[in-house]
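Before any comments, here is the structure.
The values are calculated or read from the model by the stated rules, or taken from the named source; none is laboratory data. Every value quoted in this text rests on a predicted model; they were computed, and no experiment measured them. No Cβ is skipped: glycine too gets one built from the backbone with ideal geometry, and neighbour counts run over all protein chains shown. Note: areas computed on protein heavy atoms with side chains; ligands, DNA, RNA excluded. Shrake-Rupley method; radii C 1.70, N 1.55, O 1.52, S 1.80 Å.
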Amino acid sequence: MAKSMTLLWGAGSPPCWRVMITLEEKKLQGYKHKLLSFEKEDHKSQEVLQINPRGQLPAFKHGDDIINESVGACLYLENQFKSQGNKLIPDSPPQQALMYQRMMEGLTLTEKLNLVVFYDLYAPEGERHDSAVKRNKDNLVAELQRWEGYLENVAAGSYLAGAFSLADVVAFPNIAYPFRYGLSIGRYPKLAKYYSLLKDRPSIKTTWPPQWYQIAQRSEILKDL
Ligand SMILES: N[C@@H](CCC(=O)N[C@@H](CS)C(=O)NCC(=O)O)C(=O)O
(Lines give C-alpha, C1' and ligand atoms only; values in the text may rest on other atoms or scores of the structure.)
Protein backbone atom coordinates (compact mmCIF):
# COMPACT_ATOMS: atom_id res chain seq x y z
CA MET A 1 0.00 0.00 0.00
CA ALA A 2 2.77 2.44 1.01
CA LYS A 3 4.55 1.68 -2.28
CA SER A 4 1.85 3.60 -4.15
CA MET A 5 2.61 6.75 -2.13
CA THR A 6 5.09 9.44 -3.16
CA LEU A 7 6.40 12.21 -0.96
CA LEU A 8 8.61 15.02 -2.23
CA TRP A 9 10.04 16.75 0.81
CA GLY A 10 12.49 19.34 2.06
CA ALA A 11 14.68 18.78 5.12
CA GLY A 12 13.63 20.71 8.22
CA SER A 13 10.30 21.79 6.75
CA PRO A 14 7.69 21.41 9.54
CA PRO A 15 4.85 20.66 7.07
CA CYS A 16 6.91 17.88 5.44
CA TRP A 17 7.96 16.55 8.84
CA ARG A 18 4.31 16.22 9.93
CA VAL A 19 3.51 13.98 6.97
CA MET A 20 6.61 11.87 7.58
CA ILE A 21 5.79 11.40 11.27
CA THR A 22 2.25 10.33 10.35
CA LEU A 23 3.52 7.84 7.75
CA GLU A 24 5.76 6.29 10.43
CA GLU A 25 3.01 6.23 13.05
CA LYS A 26 0.66 4.50 10.58
CA LYS A 27 3.34 1.92 9.72
CA LEU A 28 3.47 3.05 6.11
CA GLN A 29 7.22 2.67 5.70
CA GLY A 30 8.28 1.85 2.16
CA TYR A 31 6.66 4.87 0.53
CA LYS A 32 8.61 6.50 -2.32
CA HIS A 33 10.29 9.70 -1.26
CA LYS A 34 12.71 12.24 -2.59
CA LEU A 35 14.61 14.86 -0.63
CA LEU A 36 14.66 18.17 -2.53
CA SER A 37 16.73 21.27 -1.92
CA PHE A 38 15.09 24.63 -1.21
CA GLU A 39 18.46 26.33 -1.84
CA LYS A 40 18.55 24.90 -5.37
CA GLU A 41 14.87 25.91 -5.85
CA ASP A 42 13.93 22.26 -6.48
CA HIS A 43 10.49 23.06 -5.09
CA LYS A 44 9.79 25.16 -8.20
CA SER A 45 10.69 22.29 -10.55
CA GLN A 46 8.21 20.69 -12.93
CA GLU A 47 8.35 17.53 -10.86
CA VAL A 48 6.91 19.39 -7.86
CA LEU A 49 4.58 21.71 -9.79
CA GLN A 50 2.88 18.70 -11.35
CA ILE A 51 1.81 17.57 -7.89
CA ASN A 52 1.76 20.87 -6.00
CA PRO A 53 1.06 23.81 -8.32
CA ARG A 54 2.01 26.23 -5.52
CA GLY A 55 5.58 24.98 -5.83
CA GLN A 56 5.68 24.10 -2.16
CA LEU A 57 6.70 21.06 -0.16
CA PRO A 58 5.34 18.64 0.85
CA ALA A 59 4.10 17.33 -2.48
CA PHE A 60 2.29 14.09 -1.68
CA LYS A 61 0.22 11.62 -3.61
CA HIS A 62 -1.33 8.25 -2.97
CA GLY A 63 -1.83 6.53 -6.31
CA ASP A 64 -3.39 9.28 -8.42
CA ASP A 65 -4.87 11.08 -5.43
CA ILE A 66 -3.02 14.25 -4.52
CA ILE A 67 -3.10 15.75 -1.05
CA ASN A 68 -0.40 18.33 -0.53
CA GLU A 69 -1.61 20.33 2.44
CA SER A 70 0.29 18.80 5.34
CA VAL A 71 -2.59 18.71 7.83
CA GLY A 72 -4.92 17.40 5.13
CA ALA A 73 -2.42 14.63 4.33
CA CYS A 74 -2.12 13.67 8.02
CA LEU A 75 -5.91 13.51 8.38
CA TYR A 76 -6.19 11.53 5.14
CA LEU A 77 -3.63 8.96 6.27
CA GLU A 78 -5.27 8.55 9.66
CA ASN A 79 -8.71 8.12 8.07
CA GLN A 80 -7.55 5.71 5.36
CA PHE A 81 -5.49 3.57 7.73
CA LYS A 82 -7.55 3.82 10.92
CA SER A 83 -6.80 0.33 12.18
CA GLN A 84 -3.13 0.33 11.14
CA GLY A 85 -0.34 1.52 13.43
CA ASN A 86 -1.13 4.05 16.12
CA LYS A 87 -4.54 5.65 16.40
CA LEU A 88 -4.03 9.40 16.03
CA ILE A 89 -7.56 10.75 16.59
CA PRO A 90 -9.10 9.92 19.97
CA ASP A 91 -12.72 8.74 20.14
CA SER A 92 -13.89 10.41 23.32
CA PRO A 93 -15.61 13.73 22.54
CA PRO A 94 -13.65 15.87 25.06
CA GLN A 95 -10.28 14.49 23.90
CA GLN A 96 -11.25 14.69 20.24
CA ALA A 97 -12.35 18.30 20.66
CA LEU A 98 -9.08 19.16 22.40
CA MET A 99 -7.10 17.26 19.76
CA TYR A 100 -8.66 19.20 16.85
CA GLN A 101 -8.33 22.46 18.75
CA ARG A 102 -4.60 22.02 19.41
CA MET A 103 -3.97 20.56 15.95
CA MET A 104 -5.39 23.63 14.21
CA GLU A 105 -3.74 25.99 16.70
CA GLY A 106 -0.48 24.35 15.64
CA LEU A 107 -0.92 26.21 12.35
CA THR A 108 -1.15 29.54 14.17
CA LEU A 109 2.12 28.70 15.86
CA THR A 110 3.64 27.95 12.44
CA GLU A 111 2.49 31.30 11.09
CA LYS A 112 3.81 33.32 14.05
CA LEU A 113 7.11 31.48 14.03
CA ASN A 114 7.62 31.94 10.29
CA LEU A 115 6.98 35.68 10.55
CA VAL A 116 9.95 36.01 12.88
CA VAL A 117 12.39 33.42 11.51
CA PHE A 118 11.78 34.17 7.83
CA TYR A 119 10.95 37.90 8.06
CA ASP A 120 13.72 38.84 5.63
CA LEU A 121 12.37 36.34 3.11
CA TYR A 122 8.80 37.64 3.37
CA ALA A 123 9.68 41.34 3.42
CA PRO A 124 12.01 42.49 0.63
CA GLU A 125 14.75 44.96 1.52
CA GLY A 126 13.26 48.45 1.63
CA GLU A 127 9.96 47.12 2.96
CA ARG A 128 11.32 46.01 6.31
CA HIS A 129 10.43 47.89 9.48
CA ASP A 130 11.81 47.60 12.99
CA SER A 131 8.28 48.08 14.30
CA ALA A 132 7.12 45.01 12.32
CA VAL A 133 10.05 42.96 13.61
CA LYS A 134 9.13 43.93 17.18
CA ARG A 135 5.43 43.25 16.66
CA ASN A 136 6.13 39.84 15.14
CA LYS A 137 8.43 38.95 18.04
CA ASP A 138 5.86 40.11 20.63
CA ASN A 139 3.18 38.02 18.90
CA LEU A 140 5.44 34.98 18.90
CA VAL A 141 6.25 35.41 22.61
CA ALA A 142 2.52 35.58 23.41
CA GLU A 143 1.92 32.46 21.31
CA LEU A 144 4.77 30.50 22.89
CA GLN A 145 3.59 31.50 26.35
CA ARG A 146 0.12 30.27 25.45
CA TRP A 147 1.59 26.84 24.57
CA GLU A 148 3.70 26.89 27.72
CA GLY A 149 0.39 27.37 29.59
CA TYR A 150 -1.29 24.51 27.71
CA LEU A 151 1.52 22.19 28.75
CA GLU A 152 1.32 23.42 32.36
CA ASN A 153 -2.07 21.71 32.54
CA VAL A 154 -1.01 18.50 30.83
CA ALA A 155 -0.31 15.51 33.13
CA ALA A 156 3.38 14.59 33.44
CA GLY A 157 4.61 12.44 30.54
CA SER A 158 1.43 13.17 28.63
CA TYR A 159 0.84 14.75 25.24
CA LEU A 160 -1.17 17.72 24.02
CA ALA A 161 -4.51 15.89 24.01
CA GLY A 162 -4.10 12.77 26.14
CA ALA A 163 -2.38 10.01 24.16
CA PHE A 164 -0.03 10.95 21.29
CA SER A 165 -2.27 12.29 18.52
CA LEU A 166 -2.38 14.44 15.39
CA ALA A 167 -2.21 17.47 17.71
CA ASP A 168 1.36 16.43 18.55
CA VAL A 169 2.16 15.52 14.95
CA VAL A 170 1.19 19.01 13.78
CA ALA A 171 2.58 21.02 16.69
CA PHE A 172 5.82 19.20 17.51
CA PRO A 173 7.86 20.32 14.47
CA ASN A 174 7.00 23.91 15.38
CA ILE A 175 8.10 23.37 18.95
CA ALA A 176 11.36 21.69 17.90
CA TYR A 177 12.06 24.55 15.50
CA PRO A 178 12.28 27.41 18.04
CA PHE A 179 14.80 25.44 20.11
CA ARG A 180 16.93 25.08 17.00
CA TYR A 181 16.82 28.86 16.74
CA GLY A 182 17.98 29.37 20.32
CA LEU A 183 14.73 29.48 22.35
CA SER A 184 15.51 29.60 26.07
CA ILE A 185 14.93 26.32 27.93
CA GLY A 186 14.83 28.33 31.17
CA ARG A 187 12.03 30.65 30.08
CA TYR A 188 9.98 27.89 28.43
CA PRO A 189 10.53 24.88 30.73
CA LYS A 190 7.29 23.08 29.84
CA LEU A 191 7.94 23.38 26.11
CA ALA A 192 11.50 22.15 26.71
CA LYS A 193 10.21 19.14 28.68
CA TYR A 194 7.67 18.33 25.97
CA TYR A 195 10.42 18.64 23.34
CA SER A 196 12.66 16.23 25.19
CA LEU A 197 9.78 13.78 25.77
CA LEU A 198 8.95 13.62 22.07
CA LYS A 199 12.34 13.84 20.43
CA ASP A 200 13.10 10.18 21.17
CA ARG A 201 9.76 8.83 19.99
CA PRO A 202 10.61 6.38 17.15
CA SER A 203 8.46 8.12 14.49
CA ILE A 204 10.12 11.45 15.30
CA LYS A 205 13.65 10.13 15.69
CA THR A 206 13.50 8.27 12.37
CA THR A 207 12.30 11.36 10.52
CA TRP A 208 14.57 13.87 12.30
CA PRO A 209 15.75 16.42 9.70
CA PRO A 210 19.09 15.04 8.45
CA GLN A 211 20.96 18.34 8.55
CA TRP A 212 19.94 18.94 12.18
CA TYR A 213 22.35 16.14 13.15
CA GLN A 214 25.20 18.10 11.58
CA ILE A 215 24.35 21.51 13.02
CA ALA A 216 22.22 21.20 16.18
CA GLN A 217 21.54 24.93 16.46
CA ARG A 218 20.99 26.98 13.35
CA SER A 219 21.13 30.44 14.93
CA GLU A 220 20.29 32.32 18.10
CA ILE A 221 17.62 34.50 16.55
CA LEU A 222 15.06 33.45 19.20
CA LYS A 223 17.35 33.46 22.22
CA ASP A 224 15.95 36.67 23.73
CA LEU A 225 12.26 35.77 23.45
N1 LIG B 1 0.13 25.03 3.96
C2 LIG B 1 1.20 24.23 3.45
C3 LIG B 1 2.49 25.02 3.61
C4 LIG B 1 3.65 24.37 2.90
C5 LIG B 1 4.88 25.25 2.95
O6 LIG B 1 4.81 26.44 3.33
N7 LIG B 1 6.01 24.71 2.55
C8 LIG B 1 7.22 25.50 2.53
C9 LIG B 1 8.35 24.73 3.19
S10 LIG B 1 8.15 24.68 4.91
C11 LIG B 1 7.63 25.76 1.10
O12 LIG B 1 7.57 24.89 0.27
N13 LIG B 1 8.08 26.99 0.84
C14 LIG B 1 8.57 27.39 -0.43
C15 LIG B 1 7.69 28.39 -1.10
O16 LIG B 1 6.63 28.75 -0.57
O17 LIG B 1 8.10 28.86 -2.17
C18 LIG B 1 1.25 22.91 4.21
O19 LIG B 1 1.01 22.91 5.43
O20 LIG B 1 1.54 21.88 3.60
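Per this entry, LYS87 is counted among residues that are outside the structural domain of ILE175 (by TED's automatic domain parsing) and surrounded by fewer than 18 Cβ atoms within 10 Å (Cβ to Cβ). Of the listed requirements (1) more than 16 Å from the ligand (Cβ to nearest atom); (2) assigned to a helix (DSSP H, G or I); (3) not aliphatic (A, V, I, L, M), GLU125 misses just one: (2).
Filtering region 74-99 to residues that are of a type in the set (Asp, Glu) and either within 25 Å of GLN50 (Cβ to Cβ) or in a loop (DSSP other than H, G, I, E, B) (or both) leaves only ASP91. Residues in region 128-141 that are part of a helix (DSSP H, G or I) and open to solvent by 50 Å² or more (accessible area, probe 1.4 Å): ASP130, SER131, VAL133, LYS134, ARG135, LYS137, ASP138, ASN139.
Taken as a whole, the structure places GLU111 among residues that are at pLDDT 95 or above, open to solvent by 30 Å² or more (accessible area, probe 1.4 Å) and in the same structural domain as TRP208 (by TED's automatic domain parsing).
Could you please find all residues in region 11-36 being within 16 Å of the ligand (Cβ to nearest atom) and either open to solvent by 20 Å² or more (accessible area, probe 1.4 Å) or farther than 16 Å from CYS74 by Cβ (or both)? Within region 11-36, ALA11, GLY12, PRO15, HIS33, LYS34, LEU35, LEU36 qualify.
One residue alone among TYR76, TYR119 is within 16 Å of the ligand (Cβ to nearest atom), open to solvent by 20 Å² or more (accessible area, probe 1.4 Å) and in the same structural domain as PRO173 (by TED's automatic domain parsing), and that residue is TYR119.
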